[in-house]
Amino acid sequence: MTYQEALTYEINSLPPVLLPEVLDFVLFLKIKARITDDSLSEKIRELQFQQELQALSQAYRARLSKEGKLEQKAEEVMATLKQTREDIAANEYR
Amino acid sequence: MNIDNQWIVLDTNIWIFGLRNQPDHPACYQLLQCLNKLYVKTPYQVFLELPANLHPDEMKRFFRLLHLYPNRIELSWKKAELALIKKHRNLGCKLGDAVIASQLEMMNIKTLVSENRDFYEEIMGLPFRVLRAEEALREIDIAE
C-alpha cells in the first residue's frame with residue numbers, strides 16, 4: 001500500500017465530523033513542505049552562485065598573475081578600462 | 001530610492017575590479033557577492049567591454065553565473081540613440097561615457113554603480129545618480 005493509499009484509507013475511516021479539521025491539517029503540512037522546498041532550492045542556488053563567482057574570480061586572477069597584470073594599481077586598470085570604452089564607442093558610433 | 005527594489009546598472013569597472021578582487025576596491029567583490037539581492041541590467045556598451053578584459057572561457061563562466069539569476073540579471077542589446085549621445089556629450093561626458101549614460105536613460109535606469117570619478121564627481125545633470133560600490137553596499141545593508 002502506498003503512502004497516499006494509506007492516507008486516503010485513514011481519512012475515509014475518520015468520523016465525518018473530524019474530516020474538515022484533518023484535511024486542513026494535511027493542507028497545512030503540504031504548504032509547509034512546499035515552502036521548505038522553495039527556500040532550500042534558493043539556498044542551493046545562492047551557494048552555487050557564490051562558488052562559481054569565487055571560481056571565476058580565482059581563474060581570472062590566476063591568468064592575470066601569469067600575464068604579470070595582477071599587481072596593477074587600480075588607477076592603471078581604470079585608465080585601461082576608460083581607453084577601451086572610448087575605443088569601442090568610437091568604433092560603434094563613428 | 002533604494003537599490004534593493006529597482007533595476008540598476010553595474011559599470012564595467014565594478015565587474016572587473018570585483019572579479020580581480022582588487023585589494024584597493026574590496027567593495028566591488030562584495031557587491032558581486034550580493035547579486036542575488038539586486039536587479040541588474042547590463043547595457044550593450046558594458047557587454048562589449050567585458051570581452052576586452054575576459055578571455056572567451058572566462059566569458060562563458062561569466063554567462064553561466066548570470067544565468068543563475070535570470071529574473072534578476074538582464075542583458076540589453078540596444079545601441080544608444082545618437083540624439084541622447086549628443087545630449088550627454090553636451091553635459092561634458094566623453095563619447096564612451098555618453099554612450100553608457102544614453103543606454104541608462106533608454107532603459108529608464110535611475111542608479112549607476114561605478115568607481116569612475118568622471119561619472120560621480122565631474123558630470124552634472126545626469127538623469128541617474130551614481131553610487132560607488134561601497135555606497136551601494138550601504139544601501140543593501142540598510143534595506144536588510
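Does the stretch A:40-93 come out rounded, prolate or oblate, given a ≥ b ≥ c as the square roots of the eigenvalues of its C-alpha gyration tensor, rounded meaning a/c under 1.5 and, failing that, prolate meaning a/b above b/c?
Judged from the Cα gyration tensor, the stretch A:40-93 comes out oblate (a/c at least 1.5, b/c at or above a/b).
Using the Cα atoms of chain B to build a convex hull, what is its mean projected area in square nanometres? Don't skip to the end; give the middle numbers.
Numbers: hull surface 33.1 nm².
In nm², the orientation-averaged hull projection of chain B is 8.3.
Scale the Cα Rg of the protein assembly as shown by the rule-of-thumb value 2.2 N^0.38 Å and send over the ratio, two decimals.
Details: Rg = 24.0 Å, N = 238, 2.2 N^0.38 = 17.6 Å.
Working it through for the protein assembly as shown, the quotient is 1.36.
Using alpha carbon centroids, what distance separates the stretch A:32-61 and the stretch B:64-140, in Å?
The stretch A:32-61 and the stretch B:64-140 have Cα centres spaced 28 Å from each other.
Below 8 Å, C-alpha to C-alpha, sequence gap of six or more: please give me the relative contact order for chain B in percent.
On the way: 200 pairs, mean separation 44.8, N = 144.
Here the relative contact order equals 31 percent.
Could you please report the charge total around residue B:107, scoring K, R as +1 and D, E as -1 over all other residues with beta-carbon less than 13 angstrom from its beta-carbon?
Around residue B:107, the charge tally is +1.
Work out the length of the dipole vector of the stretch A:1-82 about its Cα centre, built from +1 on the beta-carbon of each Lys and Arg and -1 on the beta-carbon of each Asp and Glu, and round it to the nearest 20 debye. Working shown, then result.
Details: 11 positive and 13 negative charges, 124 e Å.
Dipole about the Cα centre, nearest 20: 600 debye.
Calculate the radius of gyration of the Cα atoms of chain A to one decimal place, then report Dmax, the largest Cα-Cα distance, as a whole number, both in Å.
Using the Cα atoms of chain A, the pair Rg, Dmax is 29.4, 82 Å.
Angle between the Cα long axis of helix A:19-66 and the longest principal axis of chain A, 0 to 90 degrees, nearest 10?
Value to nearest ten degrees: 20.
If a paramagnetic tag sat 7 Å from the Cα of residue B:129 along the Cα-Cβ line, which residues of the stretch B:87-104 would have the backbone N under 19 Å from that point?
Counting only backbone N, you get B:101, B:104.
Label points 7 Å out from Cα along the Cβ direction at residue A:58 and residue B:78: separation in nm?
4.0
How far is helix A:74-92 tilted, in degrees, relative to the longest principal axis of the Cα atoms in chain A, given as a value from 0 to 90 rounded to the nearest 10?
The angle comes out at about 90 degrees.
How far is helix A:3-12 tilted off the main Cα axis of chain A, in degrees rounded to 10, range 0 to 90?
40
Are there any chymotrypsin sites (Phe, Trp or Tyr not before Pro) in chain A that are in a DSSP loop and have at most 16 other Cβ atoms within 10 Å? List them by number.
A:93
What FRET efficiency, computed as 1/(1 + (r/R0)^6) with R0 = 22 Å and r the Cβ-Cβ distance, is obtained for residue A:46 and residue B:63, rounded to the nearest 0.05?
With R0 = 22 Å, the Cβ-Cβ based efficiency is 0.75.
Read-outs throughout are calculated quantities, based only on the coordinates presented, and are distinct from any laboratory measurement. Note that this is a predicted model, so its numbers are computed, not measured. Note that we place each Cβ from the backbone using ideal geometry, even for glycine, and neighbour counts take in every protein chain shown.
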